[in-house]
Structures are given as structure tokens and as C-alpha cells.
1. Which is at pLDDT 95 or above, in a loop (DSSP other than H, G, I, E, B) and closer than 26 Å to residue 188 by Cα, of 49, 42, 29?
2. If you check 65, 76, which single one turns out to be surrounded by 18 or more Cβ atoms within 10 Å (Cβ to Cβ), at pLDDT 95 or above and closer than 22 Å to residue 178 by Cβ?
3. Does segment 108-118 contain any residue that is within 19 Å of the chain's Cα centre (by Cα), surrounded by 15 or more Cβ atoms within 10 Å (Cβ to Cβ) and farther than 13 Å from residue 21 by Cβ?
4. Name the one entry in 173, 182, 166, 123 that is over 30 Å from residue 36 (Cα atoms) and modelled with pLDDT of 90 or more.
């Protein structure tokens, strides 16, 4: 099974999470750079950071430490080109208490059914969820660039970073476990994630195909 790749476009992502059932008090915004002055332009608080980066032979080394954690919600990706939707689910589902989902929402229903399952079991559940595949498809064709065909394999991949209990976690649908990157806090999540993203970029410094967006309070 293969979906159309999602675009790293905050407008598309916002419409996606609102259709999932997130109340519009929060929004994704572009992070235009990783220097302190550019990070300071991002509204606070920041609940999650999503990175789009190129997969290559030079960045196969894992950064951070894989850990078991029942408190961090991870979905194993089993659908090609679904990494954008998986990253959005990671951002939203790991901030359930703050985001306040709408009654009867798709994301609330998914979270309720997946809560007591293992990450590897959640991918097949996503495959069977037609409401989510329809939402992904409608979002994928809404971007500023022409959406590629589902048959096209892309080397760009989305991952998500969240804070949980004072720790910074990387959530990657290709991996079996959350990746621990050390301590952080709700106040420093963006800055601490920027340090990790710079390490990703150092593995493939010739590429320009990076994009960073942050989920923050709408002002």
C-alpha cells in the first residue's frame, strides 16, 4: 500500500489536524532557521517539532538511544509515503491533554482504540482506517506543489520530536521504539530539538532538502 507524499506545508498540516479533530487554538508554523534569533520568532509554547529530511546512505547512523516507554505514543509505519501523516499523528496524539480534541473526533477515536496496543499493531490499524486515508489524500493534493503519484518513491522522510516527562523523544514510524535524545522541558523543546536537527544535517551537509515546522499556540 502506498499513499501520495504529504507536503511540508503548515497550511496543509493545520487543515489536516483540524479535520482530525484538534481544536484550532493550535497551529503549525514554519521554523525558518535553527539559530537562536530565528527560533525566538516561533510562538510559544511549542508542543511538537516535525522535521522533513532526506534519507541517504550518509544518515543511516542512529542518533539518540532507542528506549521502551509506555508513556510515549509511537505508530509503526506500514504504508509507503505515509510518514507525513504518521508524524502529524505523533505530534497530536502525544499532546492529547493539552490539545483538547473535539467530541467524536477521528483522532480521539483512533487514540482510544490504539492506546492499549503495541506500535507494530498500530500500523495495520492505520491501513484499515479509510477516514484517515481519505484525509491524507485530500491533504496531499492541497499543497503548493503538484502532488506526485502514489507510485513515486520519495527519499524525503518526516519525523516528530516531543517532550514527555522531561525527556526529548524522536518518533520515527520506521523505527520500533522511541528514540531518546536526553533532557528537555516544555519551555526548551524547540531549542533542544534544534540541536538534534543540526546533527541530522551534519550527516548529509550537501543536501538542502530540509524543512522544520513547529506545533505551537495560535496567537
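The values are calculated or read from the model by the stated rules, or taken from the named source; none is laboratory data. Source: prediction; values computed, not measured. Cβ atoms come from the backbone with ideal geometry, glycine included; neighbour counts cover every protein chain shown.
1. Within the list 49, 42, 29, the selection yields 42.
2. So the residue among 65, 76 that is surrounded by 18 or more Cβ atoms within 10 Å (Cβ to Cβ), at pLDDT 95 or above and closer than 22 Å to residue 178 by Cβ is 76.
3. Among the residues of segment 108-118, at least one is within 19 Å of the chain's Cα centre (by Cα), surrounded by 15 or more Cβ atoms within 10 Å (Cβ to Cβ) and farther than 13 Å from residue 21 by Cβ, which makes the answer yes.
4. Working: 173 fails: over 30 Å from residue 36 (Cα atoms); 182 fails: over 30 Å from residue 36 (Cα atoms); 166 fails: over 30 Å from residue 36 (Cα atoms).
It is 123.
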